[in-house]
1. Of these, 252, 199, 212, which one is within 30 Å of residue 384 (Cα to Cα), more than 18 Å from the chain's Cα centre (by Cα) and not assigned by TED's automatic domain parsing to the domain that holds residue 384?
2. Hey, among 192, 175, which residue is crowded, with 18+ Cβ neighbours inside 10 Å and within 30 Å of residue 142 (Cβ to Cβ)?
3. Could you tell me how many of the residues in the stretch 290-304 are assigned to a loop (DSSP other than H, G, I, E, B) and within 12 Å of residue 315 (Cβ to Cβ)?
4. Among the residues of the stretch 375-432 satisfying the criterion of being farther than 29 Å from residue 192 by Cα and in a loop (DSSP other than H, G, I, E, B), which is modelled with the lowest pLDDT?
5. Looking at the stretch 240-267, which of the residues that are at pLDDT 80 or above and in contact with a helix residue (DSSP H, G or I) (Cβ under 7 Å, 6 or more places away or on another chain) is nearest to residue 278 (Cα to Cα)?
6. Take the residues of the stretch 82-103 that are modelled with pLDDT of 95 or more and buried (at least 24 other Cβ atoms within 10 Å of the Cβ): which is nearest to residue 119 (Cα to Cα)?
7. Modelled with pLDDT of 70 or more, assigned to a helix (DSSP H, G or I) and surrounded by 15 or more Cβ atoms within 10 Å (Cβ to Cβ): is that true of residue 361 in this structure?
8. Working carefully through the options 76, 116, find the one that is under 21 Å from residue 287 (Cα atoms), in contact with a strand residue (DSSP E or B) (Cβ under 6 Å, 6 or more places away or on another chain) and assigned to a strand (DSSP E or B).
């Protein structure tokens, strides 16, 4: 008889202590860095050891997992919910062609048909003509907590991945203020406004420092963004800003969050592989930090007892996966079986394509934001270096560099403030392609000028040499 595997906590010190009280809000940036498995040799070995330790869980649950095969390629997973062939999976991955299901131990794939689709949740109930399948066991929803370790099971002996629940149950139809924010030395600065969105309508301006929302103060940009994600579209909020020496309060009504906010955000989130096409507008999800691929959705996310906490439904970011909570899935199954949600011909979500001219403007704006981030970092570094340097040529050069960086920052902020209202409406006006292309050209030219103006990087006098 093999000895029981050691507890996962002993193998994965990055994970939070299960005995500790769960945080009331989103984990901090530093906590998330500790929770995730970073791609270096030492942590890769540790991650492999954790997965091996959790193999008994995967071995038990994988009997209840099938592989969705579309046009001869693996396209996702399906989770067995009844012994007579009923399974649930991600609906929007089924529209690419006829699909089959491959089950553990099956010598061939089996034909499957869609029984029903709950489009709001992107969840499909499908059926294969077979019997004696092993349905999953459902976890008690009241036992789920933020910081809890979770295991994602696929068709193999080892789990697909391990992570923690980073955000409790919430909708992804979160409120949107329409601001682009920068973590600056003086606080959370507004560096961009979406035309026609709540912040601009309320009177917030580029350069304002956001102090609080609904009297709740924020020091970190990430925490403020997380707060807005938990609000519903249509919610009215009060936004307190500092503008020069004044503190001003504006009232804004949040709108629905768009699919993507910037080219830069899309690029960062896509690191590693594609995001799911349908990854927003869910009425309820659990967010966890397991790194899964787009085609690894539809399978179960389980606790350390092998009971299903949720069904993975979307790769939403580089280290963000969404799962439908267990109580949501259990509640949908009877309706799907009864035909309350009829099968859809095209279950995929239709996303309005972005024209080339608008994409050029978005990319150019992202370049400017990247430069501004670089300038802000340069200012902080130069200020720190200046304090340490004795009087002499190095100090004088650092002071000149600092003045130059501050000048570039002001130039960029002035440009954004003055030109914002004249910006094309990102393709909203018909026949606007030429204006957008010209605008993109000006933005790229400004980006090149500012980039060329950055002071050359010089080695610190405290590094290397004696």
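The values are calculated or read from the model by the stated rules, or taken from the named source; none is laboratory data. What you see is a predicted model, and the numbers here were worked out from it, not measured in a lab. All Cβ positions, even for glycine, are placed from backbone atoms using ideal geometry, and neighbour counts span all protein chains on display.
1. Matching residue, one of 252, 199, 212: 212.
2. Being crowded, with 18+ Cβ neighbours inside 10 Å and within 30 Å of residue 142 (Cβ to Cβ) holds for just one of 192, 175, which is 175.
3. Number of matching residues: 6.
4. Among residues in the stretch 375-432 that are farther than 29 Å from residue 192 by Cα and in a loop (DSSP other than H, G, I, E, B), the one modelled with the lowest pLDDT is 389.
5. That would be 255.
6. 90
7. no
8. Numbers: 116 fails: under 21 Å from residue 287 (Cα atoms).
Just a single option satisfies the conditions, and that option is 76.
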